[in-house]
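Enquirer: Supplied in structure tokens, the structure appears directly below.
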């Protein structure tokens with residue numbers, strides 16, 4: 001299993017690598033690539049694949065444990081906890097509605113867009129607007145099928 005499904009090989013200089021690793025695992029849980037009870041890729045494998053210090057990977061994983069999304073099973077590794085996706089969805093929705101949606105609605109009003117215009121863009125060609133989420137279809141260290 002590899003992280004590349006949601007991970008570029010490039011790191012963003014604006015955020016610590018451990019946080020980017022954490023965010024990529026979160027995206028995989030939200031996208032259903034990692035499901036409840038699934039093991040996370042080993043710290044050693046992720047560190048080798050992305051050429052980062054194992055302590056960096058461990059710090060990212062520890063954040064997931066602290067957020068109660070992942071649990072450590074002594075001698076076995078780390079696993080996605082039951083209810084992790086629901087918990088993440090709730091938090092992401094709240095964050096979107098409180099932080100992003102006000103900016104989006106302000107832009108909609110500023111541009112004078114109407115609801116029917118917006119809905120038309122969503123239904124264009126039977127798909128929604130291009131997602132800004134990482135592509136989870138490519139093979140990589142954090143990809144479930146590769147375990």
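Enquirer: Take residue 121 and residue 51, extend 7 Å from each Cα along the Cα→Cβ direction, and tell me the distance between the two endpoints in nm.
Expert: So the label points at residue 121 and residue 51 sit 3.9 nm apart.
Enquirer: Of 28, 78, how do they rank once you tally other Cβ atoms within 10 Å and put the fewest first?
Expert: Lowest count first: 78, 28.
The numbers here are math on the coordinates, done by the rules we state, and not lab data. Just so it is clear, the model here is predicted, and its values are computed rather than measured. Every residue, glycine among them, receives a Cβ derived from its backbone with ideal geometry; neighbour counts consider all protein chains shown.
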